[in-house]
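The values are calculated or read from the model by the stated rules, or taken from the named source; none is laboratory data. What you see is a predicted model, and the numbers here were worked out from it, not measured in a lab. When we count neighbours, we look across all protein chains shown, and the Cβ atoms used for this are built from the backbone with ideal geometry, even at glycine.
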Amino acid sequence: MRGRITRRSVEALKPGTKDLKLWDTEIPGFGVKVTPAGRRVYVLQYWAPGRAGVRRTLTIGAHASPVVRLRNGIEETRDLTPELARAMAREARADVQRGADPAGAKGRARAALKQRTLAILSAPYLEECRAKRKATTAAEYARIFKVALCPTLGSTVVDAITVQDVATLHHRLRKTPIQANRTVAVLGAFLNWCATRGYRPRGVNPCGDVELYPERARERFLSSEELGRLGEALRTAETTGLRPAPKDRKRPKSAATTKHRTKTWDQPKPANPFAVAALRFLLLTGWREGEALTLRWDAVDLDRGTVTLEDTKTGKSERALGVPAVTLLRRLPRVDGSPYVFPSPDPTKPLSELRHLWNAARFAAKLDSVRLHDIRHTAASHAIGGGLSLYVTGKLLGHKREATTQRYAHLADDVQKRAADAMARAIDAALDGSAKGTKVLSMRRRARARA
């Protein structure tokens, strides 16, 4: 269908079962099509320069949609009208006559944009994370991209991610506020990486403008009585064994599968002695679980009571061991062919985790709310409670920055309070004793004077 393209002719077009096109009688190849959904789109068809037989279709834009145009060197946004579409079609035909291919250039630009989406660029970013960060950190970054970022922003060009996009994602994860905050932090680090590679403007990061959810640090410390119950549970684990914690007990998938299990499948049995020793070692040192499980004999100097860890969360770390921890290591048997202090059944590998033993022990000790990481808090509380400074406590725990140990500053205040109480009581007792002594002395002098 041919005719002059005007506002009246465009708006008079009715959608059908397929695209309906109206070709302009003034500019060759300039037309408007109406989709079955009723969308009116201006197009320009032309023969690609230097490529005989190749016909291109350039999409100019949808009718009445906003377009950005330069006017006197200043960008302005205008609605796309038939007159404006005709002017843009003339410009495009002039470019074609000069040997350009506007539709091809637009397609190449679109393909280039697809290579700059979050999902595409996350692959080289995570690869760099695996080379520069700890394996556990890189794995956590990859998990966040897989479960949170790629499903929501994966198809978005990184340069187009806005504060609204980040705020919407953060709000969607509101039921897990700490995870929501971590997701925004990872996204922020990724966008900074994109800026250094030229995919985004530098100094502009939408994650910095999103208000994070408040976080409250969990600081659970085991009392001496609770440590006694845990020690009793570990002694039971070494001898008769502990029943698995309820969360770790196997449940039959169906009644039919129950008969295939032995009667003792869920009964207590002695735990792996290396696992029990590793858990005791954590209690005595306050180390991170991964540091203890991957400890190698060549890093241990039992005579000096020190350990040199070449690769920890905070880099190389020198740790001092207390006498009970050294005694525990001296009593451990060394497995032939294994470099690890706490080897797994496969001597070439260390123990992988202590979760099942820890769950069973804390359930037996009635410490259901205690996490394995709370052992670290307990070690810090006993260190500071014994009068050690924050600096020394940080060295024992492997903290790189004193600010990390500063979270235990209130424990140091408790030590000072007890010291102040002890000092004041001693002086108060001396004062009371001095007053009584003076009174007794004066009575004796008067008695001697009367005699």
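Considering Arg182, Arg174, the condition of being over 29 Å from Gly61 (Cα atoms) and outside any helix (DSSP H, G or I) is satisfied by Arg174 alone.
Output the qualifying pairs, or none if there are none: Cβ atoms under 7 angstrom, residues six or more apart or on different chains, first residue in segment 30-41 and without any contact (Cβ under 8 Å) to a residue 40 or more places away in the chain, second residue hydroxyl-bearing (Ser, Thr, Tyr) and part of a loop (DSSP other than H, G, I, E, B). As it stands, the answer is Pro36/Thr17, since those pairs meet every condition given.
Consider segment 184-199 and keep the residues that are over 16 Å from Gln164 (Cβ atoms) and touching a helix residue (DSSP H, G or I) at 6+ places or on another chain (Cβ under 7 Å). The one that is modelled with the lowest pLDDT is Tyr199. Here Ala62 meets each of (1) surrounded by fewer than 12 Cβ atoms within 10 Å (Cβ to Cβ); (2) modelled with pLDDT of 90 or more with one exception, condition (1). Among the numbered criteria (1) part of a loop (DSSP other than H, G, I, E, B); (2) at pLDDT below 85; (3) closer than 25 Å to Ala275 by Cβ; (4) touching a helix residue (DSSP H, G or I) at 6+ places or on another chain (Cβ under 7 Å), which one does Leu396 miss? Status for Leu396: all satisfied but (1).
Scanning segment 343-385 for residues that are among the hydrophobic types (A, V, I, L, M, F, W, C), within 28 Å of the chain's Cα centre (by Cα) and within 19 Å of Trp287 (Cβ to Cβ) gives Leu351, Leu354, Leu357, Trp358, Val370, Leu372, Ile375, Ala379, Ala380. Checking each residue of segment 118-134 against the condition of being in contact (Cβ under 8 Å) with a residue 24 or more places away in the chain, buried (at least 18 other Cβ atoms within 10 Å of the Cβ) and hydrophobic (A, V, I, L, M, F, W, C) gives at least one match. The criterion of at least 2 residues that are out of contact with any Pro (no Cβ under 9 Å at 6 or more places or on another chain), surrounded by fewer than 19 Cβ atoms within 10 Å (Cβ to Cβ) and among the β-branched types (Val, Ile, Thr) is met, among helices (runs of 4 or more DSSP H) falling completely within segment 265-372, by 323-331. Looking across segment 273-318, the residues that are within 26 Å of the chain's Cα centre (by Cα), more than 18 Å from Ser352 (Cβ to Cβ) and of a type in the set (Gly, Ala, Ser) come down to Gly286, Gly315, Ser317. Number of residues in segment 73-85 that are surrounded by fewer than 19 Cβ atoms within 10 Å (Cβ to Cβ) and either over 44 Å from the mean Cα position of the chain (by Cα) or of a type outside the set (A, V, I, L, M) (or both) equals 9.
Conditions (1) assigned to a helix (DSSP H, G or I); (2) touching a strand residue (DSSP E or B) at 6+ places or on another chain (Cβ under 8 Å); (3) farther than 30 Å from Gly385 by Cβ, marked per residue:
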position: Ala138; (1), (2), (3): yes, no, yes
position: Val166; (1), (2), (3): yes, no, yes
position: Gly188; (1), (2), (3): yes, no, yes
position: Glu215; (1), (2), (3): no, no, no
position: Glu225; (1), (2), (3): yes, no, no
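Scanning segment 14-44 for residues that are in a loop (DSSP other than H, G, I, E, B) and aliphatic (A, V, I, L, M) yields Ile27, Ala37. Would you mind finding the one in Ile144, Ile161 that is surrounded by 13 or more Cβ atoms within 10 Å (Cβ to Cβ), closer than 15 Å to Gly208 by Cα and either at pLDDT 95 or above or not charged (D, E, K, R) (or both)? Within the list Ile144, Ile161, the selection yields Ile161.
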